[in-house]
Amino acid sequence: PPFHVEPRNIVGDAQEQVSAEAAALSSRVHYYGRLTASSDRLLVPPDHVIPSPEDIYVYSPLGTAFKVQGGDSTAKNPSIVTVFAIWNTMMGTSILSMPWGIKQAGFTLGIIIIVLMGLLTLYCCYRVLKSTKSIPYVDTSDWEFPDVCKYYFGGFGKWSSLVFSLVSLIGAMVVYWVLMSNFLFNTGKFIYNYVHNVSTSDAFGTNGTDRVICPYPNLDPDGDSSTHQYYVSENSTGQVFDLWWSKTNTIPLYLIVLLLPLLNFRSASFFARFTFLGTLSVVYLIFLVTYKAIRLGFHLDFHWFDSSMFFVPEFRSLFPQLSGVLTLAFFIHNCIITLMKNNRHQENNVRDLSLAYLLVGLTYLYVGVLIFAAFPSPPLSKECIEPNFLDNFPSSDVLVFVARACLLFQMTTVYPLLGYLVRVQLMGQLFGDHYPGFLHVFILNILVVGAGVLMARFYPNIGSIIRYSGALCGLALVFVLPSLIHLTSLNRRGELRWPSAVFHGFLVLLGVANLFGQFFM
């Protein structure tokens with residue numbers, strides 16, 4: 001149910017102290033909430049226990065506190081705000097891996113897969129959005145997707161949705177740690193080289209004003225070079241700076257000093273103020289991609305099934321790697337019900353969701369296609385495109401330096417929000433309290449940070465981390481649970497027909513194939 005948040009946790013202007021009456025009401029609501037399961041309406045809190053509308057706030061998936069408006073539709077968001085809220089929430093680090101994903105699948109097949117995965121994930125998201133409406137005789141207005149899973153599948157449904165939601169969040173936090181190490185390394189290198197007038201020379205790179213580099217020359221033309229390219233040692237000149245400023249050896253450890261204290265904050269409301277930076281970063285990335293594409297021009301040569309020296313085939317057997325990345329890139333299924341509650345015209349929910357997916361798909365296509373097409377082949381091979389396409393530009397590139405610095409600051413503010421969501425979901429279920437004690441929270445944060453440090457140290461390939469975590473959480477939350485819930489509800493109403501059973505069964509098999517494809521490609 002909507003819950004009361006002390007004004008100090010609320011984004012925006014608010015008084016510091018909370019009234020004793022409101023605090024007491026909050027305690028009573030929590031008490032009633034613990035007396036009974038969310039599907040049992042017998043012990044719902046009576047009206048006099050519910051705080052007045054001006055005292056009720058709910059947290060969005062981004063960690064921002066929104067005021068609940070009691071029956072006042074004018075305060076809800078218009079469609080355009082809802083569409084961009086979904087676009088902003090869905091746009092994540094996956095955008096940096098799109099050119100690499102297209103390279104792994106082949107240019108033509110890559111574009112087809114982005115379109116198809118966008119349509120499939122949109123349909124599954126539509127099923128999640130409609131799942132609360134199919135439950136008869138129960139007020140589901142304050143339900144989330146785990147509540148629906150619990151209604152249909154009991155404790156197994158609730159815990160499986162929780163576990164896979166945590167997989168997606170912790171996967172995102174690991175990717176953030178790898179990327180922040182990368183951005184901090186390159187930012188520091190840019191500043192050091194600028195101050196000491198060091199001219200960088202890259203072994204494999206293009207000449208001209210817009211330099212593009214191949215940090216790890218292709219080691220295996222027919223295979224996935226990304227799996228072992230990170231074990232090539234960094235270009236080291238033997239200086240003290242290179243010893244202490246290493247992308248994999250030292251920087252992931254330096255980040256602990258900055259980020260571990262931020263994760264232990266009781267409230268994430270301070271960091272929620274910076275969520276707009278995500279939009280600015282994506283807009284700047286689109287500008288950067290457009291500018292680089294204009295300067296570099298297009299370099300395409302179509303080979304349908306065979307590789308050439310500089311070009312990859314249009315159709316490659318490594319395509320599941322792109323579908324794995326896209327499962328996470330189009331993933332918003334665990335919080336779409338929350339986001340849509342604030343839409344002013346509820347009858348437009350499906351249209352607005354479709355528009356948001358269209359915007360996200362076009363953004364991914366734009367960045368992926370332009371970077372892939374503009375990558376200068378020859379002299380470099382398309383195989384050189386990195387899982388983070390910014391790595392294909394030298395640390396001395398000023399425009400790319402600005403992009404890295406902006407993304408580093410943005411990720412530093414979003415990382416504690418993700419950690420807060422992990423804590424709320426896990427601690428809330430295990431202990432019934434979002435902050436059961438400093439020691440509990442500290443141990444959880446040590447485990448999450450440790451996972452990020454280990455990955456950044458030994459396997460800093462964001463493309464692979466995204467595709468594995470995407471395929472795993474997508475199996476449950478995108479393909480299996482929404483399909484099974486829809487089939488179960490149709491069956492209970494006696495409306496299940498074989499075309500629907502075949503189609504949704506196919507979706508479940510697709511999710512399983514997507515996961516297994518990550519291990520065999």
Exercise. Would it be correct to say that ILE443 is open to solvent by 80 Å² or more (accessible area, probe 1.4 Å) and β-branched (Val, Ile, Thr)?
Worked result: yes
Exercise. Can you pull out the residues in the stretch 419-435 that are of a type in the set (Ser, Thr, Tyr) and in a helix (DSSP H, G or I)?
Worked result: TYR420
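So which of ILE286, ILE336 ends up being within 20 Å of the chain's Cα centre (by Cα) and open to solvent by less than 10 Å² (accessible area, probe 1.4 Å)?
From the options ILE286, ILE336, the qualifying one is ILE336.
For the stretch 348-357, what are the residues that are farther than 11 Å from ILE86 by Cβ and not charged (D, E, K, R)?
Of everything in the stretch 348-357, those that are farther than 11 Å from ILE86 by Cβ and not charged (D, E, K, R) turn out to be ASN348, VAL350.
Give, as residue ranges, the helices (runs of 4 or more DSSP H) completely inside the stretch 243-342 that count at least 1 residues that are more than 30 Å from SER354 (Cα to Cα) and assigned by the TED database to the domain that holds GLN425.
Answer list for the stretch 243-342: 251-263, 269-272, 276-296.
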Exercise. List the pairs whose first member sits in the stretch 472-501 and is over 19 Å from THR121 (Cβ atoms) and assigned by the TED database to the domain that holds PHE331, whose second member is outside any loop (DSSP other than H, G, I, E, B) and among the polar types (S, T, N, Q), and whose Cβ atoms are under 7 Å apart, counting only residues at least 6 apart or on separate chains?
Worked result: SER489/SER134; LEU490/SER500
Problem set entry | Contacts under 8 angstrom Cβ, first residue in the stretch 299-317 being among the aliphatic types (A, V, I, L, M), partner assigned to a loop (DSSP other than H, G, I, E, B), 6 or more apart | LEU300/PHE311; MET309/PRO378; MET309/SER381; VAL312/GLY106; VAL312/HIS303
Exercise. List pairs: first in the stretch 244-265 and more than 15 Å from LEU417 (Cα to Cα), second part of a loop (DSSP other than H, G, I, E, B), Cβ under 6 Å, 6+ apart or cross-chain?
Worked result: TRP244/THR250
Exercise. Taking ILE465 and the conditions (1) closer than 28 Å to PHE274 by Cα; (2) over 22 Å from the mean Cα position of the chain (by Cα), which numbered condition does it fall short on, given that it satisfies the others?
Worked result: (2)
Problem set entry | The one condition in (1) closer than 18 Å to VAL128 by Cα; (2) in contact with a Ser or Thr (Cβ under 6 Å, 6 or more places away or on another chain) that SER500 fails to fulfil | (2)
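Just to be sure, is TYR176 touching a Phe, Trp or Tyr at 6+ places or on another chain (Cβ under 6 Å) and open to solvent by 20 Å² or more (accessible area, probe 1.4 Å)?
It is true that TYR176 is touching a Phe, Trp or Tyr at 6+ places or on another chain (Cβ under 6 Å) and open to solvent by 20 Å² or more (accessible area, probe 1.4 Å).
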Exercise. Name the residues in the stretch 226-241 that are exposed (fewer than 15 other Cβ atoms within 10 Å of the Cβ) and either at pLDDT 50 or above or not in a helix (DSSP H, G or I) (or both), would you?
Worked result: HIS228, VAL232, SER233, GLU234, ASN235, SER236, THR237, GLY238, GLN239, VAL240
For this session: Would you check if VAL369 is among the β-branched types (Val, Ile, Thr), out of contact with any helix residue (DSSP H, G or I) (no Cβ under 9 Å at 6 or more places or on another chain) and either surrounded by fewer than 18 Cβ atoms within 10 Å (Cβ to Cβ) or in a helix (DSSP H, G or I) (or both)?
Result: no
Seminar exercise, completed: The number of residues in the stretch 98-117 that are open to solvent by less than 10 Å² (accessible area, probe 1.4 Å) and either without any contact (Cβ under 8 Å) to a residue 12 or more places away in the chain or part of a helix (DSSP H, G or I) (or both) is 10
For this session: Working carefully through the options ARG423, ARG467, ARG497, find the one that is open to solvent by 30 Å² or more (accessible area, probe 1.4 Å) and basic (Lys, Arg).
Result: ARG497
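For the stretch 393-405, enumerate the residues that are of a type outside the set (A, V, I, L, M) and touching a helix residue (DSSP H, G or I) at 6+ places or on another chain (Cβ under 7 Å). Lay out the reasoning, then the answer.
Keep residues of the stretch 393-405 that are of a type outside the set (A, V, I, L, M), which gives 393-397, 401, 404.
The answer is PHE393, SER395, SER396, PHE401, ARG404.
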Exercise. Do the conditions hold for ARG316, that is, is it among the charged types (D, E, K, R), touching a strand residue (DSSP E or B) at 6+ places or on another chain (Cβ under 7 Å) and open to solvent by 10 Å² or more (accessible area, probe 1.4 Å)?
Worked result: no
Problem set entry | Residue match in the stretch 112-126 (condition: of a type in the set (Phe, Trp, Tyr) and either over 28 Å from SER464 (Cα atoms) or more than 25 Å from the chain's Cα centre (by Cα) (or both)) | no
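The values are calculated or read from the model by the stated rules, or taken from the named source; none is laboratory data. Note that this is a predicted model, so its numbers are computed, not measured. Every residue, glycine as well, gets a Cβ built from its backbone with ideal geometry; the counts of neighbours run over all protein chains shown. For accessibility, only protein heavy atoms count, side chains too; no ligands or nucleic acids. Shrake-Rupley method; radii C 1.70, N 1.55, O 1.52, S 1.80 Å.
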